[in-house]
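**Q** Have a look at this one.
The values are calculated or read from the model by the stated rules, or taken from the named source; none is laboratory data. The structure presented is a predicted model; accordingly, all values stated were derived computationally and were not measured. Don't worry about glycine lacking a Cβ; one is built from the backbone with ideal geometry, like all the others, and counts go over all protein chains shown. Each accessible area value is taken on the protein alone, full model and side chains, heavy atoms only, with ligands, DNA and RNA left out. Shrake-Rupley method; radii C 1.70, N 1.55, O 1.52, S 1.80 Å.
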Amino acid sequence: MTAWNPQPTVIINGVAHTSVSLWNVSIGYGRTSIWEQARASFANISILNTTGTDHGFDMNQVVIVKVKNSAGTDVTLFTGKITSVDNSISSSGSVATTAIQTITAVGPFADMSRKIIGGSAWAKEMDDVRLTRIFNDADATIDVVDTPGVYEFQAITPPVTDAYSLAASYATQAFGYIYETADYEVGFANESHRFVDARDNGYLTIPESYILWGDVASQKTLADITNSVIVSYRAGSESAEDLTSQATYGIVAASVDTELHDAVDAQTQADRYVTLRAYPRTSLSSFTVQVDSSVVTDANRDKFLAMAMGEPIEIDNLPIAIKNTTYKGFVEGYTFSINRYQMSLTLSTSDFTYSITPTRWQDVNAALIWSAVNPAIQWDTYD
């Protein structure tokens, strides 16, 4: 079998840098914790300049990073705009001077953070409509905003502030998250997104042999617990608690401010905060896969190159001391590290139980009929 290598291409302001001058590339997306929203993606690119060429790198020039997939076809990993150029001398002598030029580029959330919107009245509307409004006001290119809407927000005149902060706030209030794509697009994944994706497409199985185990750890922490919560909405507040969790771990309370319009939505969210967070879960630390390794199949390699925030993953046969059952989780953030011949992917994930909310009728396939349900299923044990 022919060894795969990434053969990266970095295109800056329309000019491809594919020669041996390409030194190192790091690309990052997403978040490190499920309890926060994704930040702007970034690419750090080091170019070894041995010819004294003035490449004319400048702010806001478009940067595109591509690698070859298993079929030898270019796959875009990142599109962004330059925010800084750092130049340093690596070596100098009578024959030549070698410089390293480090380019930093960022994704569309950075543009949104510099776009000021708000200050005019917004109607009462569902979460999908509100997020679409914010993205459009920010002049962002939209990938997907999940529909139908799940939660209804009250009519409001929002503060005059940056579009990213507003999008992040409303995504959190809707139990969803905002994300970026490799093509400089933004999107909103609603509360049901991960459940539907895992149900329809399953979990990407990552064999234990793919993972570099030197820094793998797991953690269970009291900081993840909430067993008493109050959720405010337009006209008051609703609450929920788990008495068994309180008896075991003590009362761990939280207060959540929202702009939800209806009491029923506030109660639903209060119940779900407690359902998802009343008990600690074992989550893995970030871990790294060597994408160019000979043990990685072409199919899995191509899946890694198409990695996205929210990807369902599964790892079997973990050491019992790390996780005593099969680990199922969702990707929260990911980082590619690339040179001309090697590539690694570092994943930050969360346990699936923090994301899979109770099923809503709108998420059930309309074609499902009772005769298609296995008669041996017991409702009290159904998963």
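**Q** Just checking, how many residues over region 323-342 are touching a helix residue (DSSP H, G or I) at 6+ places or on another chain (Cβ under 9 Å) and within 19 Å of I47 (Cβ to Cβ)?
**A** Here the count works out to 1.
**Q** When both residues are 6+ apart or on different chains and their Cβ atoms are under 7 Å apart, which pairs have a first residue that lies in region 159-177 and is over 13 Å from E36 (Cα atoms), and a second that is hydrophobic (A, V, I, L, M, F, W, C) and in a strand (DSSP E or B)?
**A** V160/I116; T161/I116; D162/I116; A163/I117; L166/I117
**Q** Any idea which of S169, S239, S218, S245 is at pLDDT below 95 and surrounded by fewer than 21 Cβ atoms within 10 Å (Cβ to Cβ)?
**A** S218
**Q** Same structure again: Among the residues of region 288-322, write down those that are farther than 18 Å from N5 by Cα, over 23 Å from the mean Cα position of the chain (by Cα) and not β-branched (V, I, T).
**A** Correct list: N317, L318, P319, A321.
**Q** Using beta carbons and a limit of 9 Å, which pairs, at least six apart or on different chains, have the first residue in region 210-234 and under 30 Å from V295 (Cβ atoms) and the second one surrounded by fewer than 12 Cβ atoms within 10 Å (Cβ to Cβ)?
**A** Y210/V295; W213/P319; V216/P319; S218/A321
**Q** Within region 254-295, work out how many residues are farther than 22 Å from A217 by Cβ and basic (K, R).
**A** Of the residues in region 254-295, 1 are farther than 22 Å from A217 by Cβ and basic (K, R).
**Q** Would a scan of region 139-147 turn up a residue that is in contact with a Pro (Cβ under 7 Å, 6 or more places away or on another chain), among the hydrophobic types (A, V, I, L, M, F, W, C) and in a helix (DSSP H, G or I)?
**A** No, the conditions are met nowhere in region 139-147.
**Q** In addition: Tell me, please, whether a residue that is outside any strand (DSSP E or B), among the small types (G, A, S), surrounded by 17 or more Cβ atoms within 10 Å (Cβ to Cβ) and modelled with pLDDT of 95 or more can be found in region 28-38.
**A** Yes, region 28-38 contains a residue that is outside any strand (DSSP E or B), among the small types (G, A, S), surrounded by 17 or more Cβ atoms within 10 Å (Cβ to Cβ) and modelled with pLDDT of 95 or more.
**Q** Could you check E314 against (1) open to solvent by 20 Å² or more (accessible area, probe 1.4 Å); (2) not in a strand (DSSP E or B) and say which number it fails?
**A** With (1) open to solvent by 20 Å² or more (accessible area, probe 1.4 Å); (2) not in a strand (DSSP E or B) applied to E314, the lone miss is (2).
**Q** Say we look at region 250-297 and pick out the residues that are open to solvent by 50 Å² or more (accessible area, probe 1.4 Å) and of a type outside the set (S, T, N, Q); which of these is nearest to R340 (Cα to Cα)?
**A** Looking at the filtered set, the residue picked out is V295.
**Q** Another one. Filter region 329-343 down to the residues that are of a type in the set (G, A, S) and either surrounded by fewer than 18 Cβ atoms within 10 Å (Cβ to Cβ) or in contact (Cβ under 8 Å) with a residue 60 or more places away in the chain (or both) and list them by number.
**A** Selection gives G333, S337.
**Q** Out of region 109-136, which residues are within 26 Å of G28 (Cα to Cα), assigned to a helix (DSSP H, G or I) and touching a helix residue (DSSP H, G or I) at 6+ places or on another chain (Cβ under 9 Å)?
**A** Result: F109, A110, D111, M112, S113, L131, I134, F135.
**Q** If you don't mind, there's one more thing I want to ask. Which one of the conditions (1) over 17 Å from G176 (Cβ atoms); (2) at pLDDT below 95 does A263 fail to meet, given that it meets all the rest?
**A** Result: A263 passes all but (2).
**Q** Moving on. Identify, from the list D183, D200, the residue that is open to solvent by 20 Å² or more (accessible area, probe 1.4 Å), part of a helix (DSSP H, G or I) and closer than 30 Å to V289 by Cα.
**A** Sole residue among the options that is open to solvent by 20 Å² or more (accessible area, probe 1.4 Å), part of a helix (DSSP H, G or I) and closer than 30 Å to V289 by Cα: D200.
**Q** Quick check on region 250-272. Is at least one of its residues under 21 Å from the mean Cα position of the chain (by Cα) and hydrophobic (A, V, I, L, M, F, W, C)?
**A** No, because not a single residue in region 250-272 is under 21 Å from the mean Cα position of the chain (by Cα) and hydrophobic (A, V, I, L, M, F, W, C).
**Q** Go through region 102-121 and report how many residues are farther than 29 Å from N44 by Cα and either aliphatic (A, V, I, L, M) or surrounded by 18 or more Cβ atoms within 10 Å (Cβ to Cβ) (or both).
**A** So the count comes out to 2.
**Q** Of all the residues that make up region 95-151, how many are at positive phi and in contact with a strand residue (DSSP E or B) (Cβ under 8 Å, 6 or more places away or on another chain)?
**A** 1
**Q** Tell me which residues, restricted to region 127-154, are open to solvent by 60 Å² or more (accessible area, probe 1.4 Å), in contact (Cβ under 8 Å) with a residue 12 or more places away in the chain and not β-branched (V, I, T).
**A** Residues satisfying the conditions are D137, D139, D143, P148.
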